[in-house]
Amino acid sequence: MTRDPKSVVARGYDAIGGIYWERYGRSIVRDRWLGEMTVRLRPASRVLDLGCGTGVPVARRLTENGFNVIGIDGSANQIESARRNVPSAQFICADMTTVAFPARSFDAVAAFYSITHVPRQEHATLLGRIADWLKPGGLFIGSLGSGECADWTGEWLGAEMFFSHYDAATYERLIRAAGLDIEHAELVDQDNDDARFLWVIARR
């Protein structure tokens, strides 16, 4: 029987929340791109955090900088933790590919290490939804795949997990096709893992 990849991811993060934080809770790379977001936003900007996890550090830092944050995650346990960790933000347990928001709802969308958990055949549509959610001039900052990975499922941090992504050139094409203008794109080696991501700053 074929398992739904999104259910695999949700169950996986339900199981490994504490382990994930111990392994990946600190990252100079993530802090850099979070900083790139905060300096580009006006006070009281409305920000959507896709794949928010426990709310730490992304949602917490955004709220500490005076932004209004809505976090989305498929893991009920992660959302429960996020509500405790960042009570000033709003958190919704939902699938980022189907959750509904009105067009032009957000000044910015963050997607840190989350889109690579979505089947890659859905990435073009998801990027289009992100563009639709952004106000004119709105900001998207996120990490995407740097190379081909066709729907990998396996053990990760002691739980079953799913990853899927294209190469960097494909993402730059998909981002532009979604109606976003790329301000900066950079391949960056992760500081706390043997992994490389394409980090993108784009505008609606």
For F106, state whether it is within 16 Å of the chain's Cα centre (by Cα), buried (at least 20 other Cβ atoms within 10 Å of the Cβ), among the aromatic types (F, W, Y) and closer than 14 Å to G51 by Cβ. no
Write out, first by first residue and then by second, each pair whose Cβ atoms fall under 8 Å of each other, whose residues are 6+ apart or on separate chains, and whose first residue, in region 22-46, is within 13 Å of G142 (Cα to Cα) while the second is open to solvent by 20 Å² or more (accessible area, probe 1.4 Å) and part of a helix (DSSP H, G or I). L34/R61
List the residue pairs whose Cβ atoms are under 6 Å apart, where the first residue sits in region 59-73 and is under 12 Å from G35 (Cα atoms), the second is modelled with pLDDT of 95 or more and in a strand (DSSP E or B), and the two are 6 or more positions apart or on different chains. L62/V47; L62/V69
Of the residues in region 38-59, those that are open to solvent by 20 Å² or more (accessible area, probe 1.4 Å) and under 22 Å from V9 (Cβ atoms) come to G51, T54, V56, P57
Filter region 110-133 for residues that are farther than 18 Å from D49 by Cβ and open to solvent by 10 Å² or more (accessible area, probe 1.4 Å) and give the result. R120, Q121, E122, A124, T125, G128
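Go through region 161-204 and give me each residue that's charged (D, E, K, R) and within 20 Å of Y20 (Cβ to Cβ).
Kept after step one, since they are charged (D, E, K, R), are these residues of region 161-204: 167, 172-173, 176, 181, 183, 186, 189, 191, 193-194, 196, 203-204.
Those that are charged (D, E, K, R) and within 20 Å of Y20 (Cβ to Cβ): D189, D191, D193, D194, R196.
Looking at G142, G138, can you tell me which residue is farther than 30 Å from R3 by Cβ and modelled with pLDDT of 95 or more?
Details: G142 fails: farther than 30 Å from R3 by Cβ.
From the options G142, G138, the qualifying one is G138.
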Just checking, which of A185, A202 is modelled with pLDDT of 95 or more, hydrophobic (A, V, I, L, M, F, W, C) and under 22 Å from P119 (Cβ atoms)? A202
Would region 63-83 turn up any residue that is of a type in the set (S, T, Y) and open to solvent by less than 10 Å² (accessible area, probe 1.4 Å)? yes
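The values are calculated or read from the model by the stated rules, or taken from the named source; none is laboratory data. This one's a predicted model, so the numbers in the text were calculated from it and none came from an experiment. Counting neighbours? That spans all protein chains shown, and the Cβs are built from the backbone with ideal geometry, glycine included. Side chains are part of the model used for accessible areas, which takes the heavy atoms of the whole protein and leaves out ligands, DNA and RNA. Shrake-Rupley method; radii C 1.70, N 1.55, O 1.52, S 1.80 Å.
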